[in-house]
Amino acid sequence: MTKIVVTGGRGMLGTDLALELRRAGFEPVPLDLPEFNLCDPEQLRRAVADADAVINCAAYTNVDKAESEPALAAAVNAAAPGELGRLAAAAGKYVLHISTDFVFDGSGDRPWRETDTPAPLSVYGATKLDGEHTLAASGCRHAVVRVQWTYGGNGNHFIKKLLERAKAGGDIKMVDDQVGAPTWTRDVSRALVKLLKGQTAGLYHYAAAGYASRLDVAAFVLRELGLERRLLPCQTADFPAPARRPLNSRFDCTALDTQLGPGFRRPWQEALREFIQ
Ligand SMILES: NC(=O)c1ccc[n+]([C@@H]2O[C@H](COP(=O)([O-])OP(=O)(O)OC[C@H]3O[C@@H](n4cnc5c(N)ncnc54)[C@H](OP(=O)(O)O)[C@@H]3O)[C@@H](O)[C@H]2O)c1
């Protein structure tokens, strides 16, 4: 059986990925804080030595807090992937690394392609972009998969907060100027396992098919739950936060569709309906 280290293995994506790896016949080794620190070179060395390949889902993901903890965010998101890459290069091992739409500034309304120039708005986005670069500079065999608007069974995300607010009753204020595609980590995991099987190299965007504003998603969820709530459209600027967020998170996933073939992405509504049920 092939041993795959999943860093951040108890996070939202890591949890679903470990399950999917097992389903596909791999032996996942989930590693996470507190017993495993991606920034500890000796722990990382042992993890790489122990694995046939590494999927790096570990990240400093608190977007707002990163603004006041830039050094920690950079250590986890930027420096550690470089060290992981150097260790993997020396050992001839493959690395799959996860990145984000926050590398873009979210301008315009065209879906982002892998060839578009990143321009992060936040410390989180900048450190994640640096992590893509340090990994590439290491020379290891690798792929980077950028995801956006993910949700899953084991996480604190937009869909979960929306479900809680919908069940609590009352009107719901929701932004209508952020557009993307809610994307289930279970679906992401299936695509990651396929890339792993092929030890595919490159930079890829992954999102569920179709696009929606946060307001559209909220309306869909309320309809699915059969709940009558008044949705009040508002703008991102109405909710000042320490970190700026991209408004346009649309991904063009043509490169990944071409690489993997059909069946790895489905309409966001189909996946979200299944998740809610
Ligand atoms: N969620 C989204 O909407 C979204 C969107 C775009 C991209 N992404 C990317 O998707 C990937 C997976 O994130 P996720 O959504 O699964 O977030 P998550 O649930 O926060 O998972 C990240 C995991 O990494 C762990 N971690 C943090 N620092 C670490 C360290 N120094 N050593 C080892 N583990 C560490 C976290 O542990 P603690 O919880 O203890 O800190 C957590 O278990 C990340 O690369 C993220 O940037 C996520």
Got at least one residue in region 130-151 being more than 11 Å from the ligand (Cβ to nearest atom), touching an Asp or Glu at 6+ places or on another chain (Cβ under 9 Å) and either farther than 22 Å from T254 by Cα or of a type in the set (V, I, T) (or both)? yes
Just name the residue that is surrounded by the most Cβ atoms within 10 Å (Cβ to Cβ) out of those in region 127-177 that are of a type in the set (D, E) and at pLDDT 95 or above. E132
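Based on what the data block shows, is R229 touching a residue at least 60 places away in the same chain (Cβ under 8 Å), out of contact with any helix residue (DSSP H, G or I) (no Cβ under 6 Å at 6 or more places or on another chain) and charged (D, E, K, R)? Give the derivation first.
Numbers: touching a residue at least 60 places away in the same chain (Cβ under 8 Å): yes; out of contact with any helix residue (DSSP H, G or I) (no Cβ under 6 Å at 6 or more places or on another chain): no; charged (D, E, K, R): yes.
So R229 fails the test.
Got a sec? Which of A66, A71, A79, A88 is farther than 27 Å from P182 by Cα and surrounded by 21 or more Cβ atoms within 10 Å (Cβ to Cβ)?
A88
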Yes/no for A73 being within 15 Å of the ligand (Cβ to nearest atom) and assigned to a loop (DSSP other than H, G, I, E, B): no
Can you tell me which of V5, V76, V48 is closer than 15 Å to K128 by Cβ and of a type in the set (V, I, T)? V76
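Collect the residues in region 25-57 that are part of a loop (DSSP other than H, G, I, E, B) and either within 10 Å of the ligand (Cβ to nearest atom) or of a type in the set (D, E, K, R) (or both), keeping them in residue-number order. Let's see the steps before the verdict.
Residues of region 25-57 part of a loop (DSSP other than H, G, I, E, B): 25-26, 32-40, 51-52, 57.
Matches in region 25-57: D32, L33, P34, E35, F36, N37, L38, C39, D40, D52, C57.
Does region 110-120 contain at least one residue that is basic (K, R) and surrounded by fewer than 22 Cβ atoms within 10 Å (Cβ to Cβ)? Can you show your working first?
Narrowing region 110-120 to residues basic (K, R): 110, 113.
With surrounded by fewer than 22 Cβ atoms within 10 Å (Cβ to Cβ) added as a condition, the list becomes 110, 113.
Looking through region 110-120, at least one residue is basic (K, R) and surrounded by fewer than 22 Cβ atoms within 10 Å (Cβ to Cβ).
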Select from region 58-70 the residues that are aliphatic (A, V, I, L, M) and more than 7 Å from the ligand (Cβ to nearest atom) and write down the one among them that is farthest from G14 (Cα to Cα). A66
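The values are calculated or read from the model by the stated rules, or taken from the named source; none is laboratory data. Keep in mind that this is a model prediction, so the values were computed, not measured. When we count neighbours, we look across all protein chains shown, and the Cβ atoms used for this are built from the backbone with ideal geometry, even at glycine.
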